[in-house]
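The structure appears below as structure tokens.
The values are calculated or read from the model by the stated rules, or taken from the named source; none is laboratory data. From a predicted model like this one, the values you see are computed outputs, not experimental measurements. Quick note on the areas: whole protein, heavy atoms, side chains included, nothing else; ligands and nucleic acids left out. Shrake-Rupley method; radii C 1.70, N 1.55, O 1.52, S 1.80 Å.
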Amino acid sequence: MRDYFYHFIISFVLAFYSTELSIGVGLTKEFVDDRVYYNKWNWFDILADSIGWVLGTILRLAIIGSWNWI
């Protein structure tokens with residue numbers, strides 16, 4: 001359960017900076033997990049990442065007001 005929270009928080013924070021970066025990091029982490037012999041792909045991790053992506057992006061848009069703020 002704690003792992004899902006970490007996925008959410010990291011995706012949320014990264015999505016506040018860059019949604020694309022956050023999605024890339026989340027999917028890469030799951031891809032690597034699938035290749036390690038003691039771990040596997042976890043759709044619930046992707047779900048937690050997705051919630052973080054959406055909420056982080058919404059917060060960025062609410063505060064900054066645009067997609068490109070850098």
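Accessible surface computed residue by residue for the chain, with neighbouring protein chains in place and a 1.4 Å probe, gives 72 Å² per residue. For I58, the accessible surface of its heavy atoms amounts to roughly 100 Å² (probe 1.4 Å, protein chains only, rounded to the nearest 10). Across the stretch 57-65, coupling constants 3J(HN,Hα) worked out from phi with the 6.51/-1.76/1.60 Karplus curve, θ = phi - 60°, read 5, 4, 5, 4, 5, 5, 7, 8, x Hz, and Gly and Pro carry x.
Multiplying the residue separation of S18 and N39 by 0.36 nm and subtracting their alpha-carbon distance yields 4.8 nm.
For the stretch 28-38, 3J(HN,Hα) computed residue by residue from phi via the Karplus equation (6.51, -1.76, 1.60; θ = phi - 60°) reads 5, 4, 5, 4, 5, 4, 5, 8, 7, 5, 9 Hz, glycine and proline entered as x. Within the accessible area of the chain, the carbon and sulfur atoms contribute 72%, probe 1.4 Å, all protein chains present. Taking a ≥ b ≥ c as the square roots of the Cα gyration tensor eigenvalues, the chain comes out prolate, since a/c reaches at least 1.5 and a/b is larger than b/c. Once all protein chains are placed together, S50 keeps about 40 Å² accessible to a 1.4 angstrom probe. Think of it as helices only: each DSSP H run of n ≥ 4 in the chain is worth -39500 (n - 2.57), and spread over all residues that comes to -26000 deg cm²/dmol at 222 nm. Placing Y4, Y38 in order of accessible area, with the largest value first and a 1.4 Å probe, yields Y38, Y4.
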